[in-house]
Amino acid sequence: MAQTDWNEALTKPSNMISTAALMLGSWIILLSLINMFGGGAGQAGNKVAWIGFIGMGGDAFVPYDDGFILDDAIFAVFGLILFFTGIRNNDVANWIKTNKGMDILNNLISGKNGKEIISSWLVVIGISFYIIWSIQNNTWVDPGVYSVMISMVAFGIALNINSKVEN
């Protein structure tokens, strides 16, 4: 019985895990494309050497002129695996339908309660902060920016989930 549960958990992830995998995979694919073709995801025209950046040895940044590095392929494949894991349970149209519960854009102004409005604004501000800061400073990997963005988005999502819990 326990073997069946593990197999089911690995082959059919829940909606929340599918959504997280889809979003994380999309983000990794975006960073991989910027790193390979957009002048590098690091500062001052440097590419991110993902294996070194994660802390598994080697340099975290290499000059963009170094061309293709193996880290790019590994990181892109990892992103694709996460992306397709997220889509595996449901196609994109079904994913949009099932995640309508958060409805961030509608809750920005007319949420049912203050928690929904604040949660939506936290998510939008966190994502906007990351994108705007990254474009302005020409770098897409900065642990300080990640910590601010992730804190705002995670707290916004948690507050939204909390707003749906009955007393």
(request) State whether one or more residues within the stretch 100-119 are at pLDDT 85 or above and within 19 Å of the chain's Cα centre (by Cα). (result) yes
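When residues of the stretch 35-78 are filtered for being assigned to a helix (DSSP H, G or I), of a type in the set (A, V, I, L, M) and buried (at least 18 other Cβ atoms within 10 Å of the Cβ), how many remain? Reasoning before the result, please.
Residues of the stretch 35-78 that are assigned to a helix (DSSP H, G or I), as a first pass: 35-37, 43-45, 50-54, 64-66, 70-78.
Restricting the remaining residues to those that are of a type in the set (A, V, I, L, M) gives 36, 44, 51, 54, 70, 73-74, 76-77.
Of the ones still in play, those that are also buried (at least 18 other Cβ atoms within 10 Å of the Cβ) are 36, 76.
So the answer is 2.
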(request) Hey, could you check the stretch 1-27 for residues that are among the aliphatic types (A, V, I, L, M) and loosely packed, with under 10 Cβ neighbours inside 10 Å and say which is modelled with the highest pLDDT? (result) Leu10
(request) Select from the stretch 142-167 the residues that are exposed (fewer than 12 other Cβ atoms within 10 Å of the Cβ) and of a type in the set (Gly, Ala, Ser) and list them in ascending order. (result) Gly144, Ser147
(message) Condition first: surrounded by fewer than 12 Cβ atoms within 10 Å (Cβ to Cβ), touching a residue at least 24 places away in the same chain (Cβ under 8 Å) and assigned to a helix (DSSP H, G or I). Can you find one or more residues in the stretch 134-141 that meet it?
(response) yes
(message) Can you pull out every residue in the stretch 110-123 that is under 18 Å from Asn162 (Cβ atoms) and either part of a helix (DSSP H, G or I) or among the hydroxyl-bearing types (Ser, Thr, Tyr) (or both)?
(response) Gly114, Lys115, Glu116, Ile117, Ile118, Ser119, Ser120, Trp121, Leu122, Val123
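The values are calculated or read from the model by the stated rules, or taken from the named source; none is laboratory data. Computed from a predicted model, the values in this text were never measured in an experiment. Here Cβ is always computed from backbone atoms with ideal geometry, including for glycine, and neighbour counts include all displayed protein chains.
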